[in-house]
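Trainee: Handing you this structure, nothing more for now.
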Amino acid sequence: MVTHIPPGATGTPAPRRGTRQSGQAAIEYVGVLVILLFVALAAVQLGIAVYAAQQAGTASRAAARAASFDGRAGAYEQAGRASMSGWLADGATFTPSVSSEEMTVTTRVEIPALLPLLDFGSVTKSATMPRD
């Protein structure tokens, strides 16, 4: 005849249930949360890069337009910076290229990085306008 011996009756403590399982679940949750956070920051960083490229294109067109009408040294740069968002305009550089019939302005904008691991560097855009 086999008798049932309840846990802990032989002097050994009864095993606790759920403590190791809940600890493992917490570690898995933190791991997944870190990955999701990194993916979200990468998506935001990509959006910032695209926005910086769009702003560089707009600034180069505005600067080239101003330079084609008024060839003064600072006018094209001022027009380019005025057409951009302030937080991107501070680090922008404008390089003119003059020919007899047209004016080209190249704009270089640094892309701000949220994480050092996601550094995209800078974006360069050019625009050409006929001279008046």
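FYI, it's all coordinate maths here, none of it is from the lab. Worth saying up front: this structure is predicted, and the values here are computed from it rather than measured. Note that each Cβ is placed from the backbone with ideal geometry, even for glycine, and that neighbours are counted across all protein chains shown.
Trainee: Scan the range 93-121 and report the pairs whose first residue is closer than 10 Å to residue 63 by Cα and in contact (Cβ under 8 Å) with a residue 24 or more places away in the chain and whose second residue is in a loop (DSSP other than H, G, I, E, B) and not small (Gly, Ala, Ser), with Cβ atoms within less than 8 Å and a gap of 6+ or a chain change.
Mentor: From the range 93-121, the pairs are 103/131.
Trainee: Here is a list: 37, 88, 46, 41. Which entry is over 15 Å from residue 106 (Cβ atoms), buried (at least 16 other Cβ atoms within 10 Å of the Cβ) and within 14 Å of the chain's Cα centre (by Cα)? Spell out the reasoning first.
Mentor: Values: 37 fails: buried (at least 16 other Cβ atoms within 10 Å of the Cβ); 46 fails: buried (at least 16 other Cβ atoms within 10 Å of the Cβ); 41 fails: buried (at least 16 other Cβ atoms within 10 Å of the Cβ).
Result of the check over 37, 88, 46, 41: 88.
Trainee: Quick check: anything in the range 93-105 crowded, with 20+ Cβ neighbours inside 10 Å, farther than 30 Å from residue 40 by Cβ and β-branched (Val, Ile, Thr)?
Mentor: Among the residues of the range 93-105, at least one is crowded, with 20+ Cβ neighbours inside 10 Å, farther than 30 Å from residue 40 by Cβ and β-branched (Val, Ile, Thr), which makes the answer yes.
Trainee: Just to be sure before I move on: is residue 64 hydrophobic (A, V, I, L, M, F, W, C), touching a strand residue (DSSP E or B) at 6+ places or on another chain (Cβ under 9 Å) and within 23 Å of residue 130 (Cβ to Cβ) in the structure I sent? Full working, then the answer.
Mentor: Values: hydrophobic (A, V, I, L, M, F, W, C): yes; touching a strand residue (DSSP E or B) at 6+ places or on another chain (Cβ under 9 Å): yes; within 23 Å of residue 130 (Cβ to Cβ): yes.
Here the answer is yes, as residue 64 does meet what is asked.
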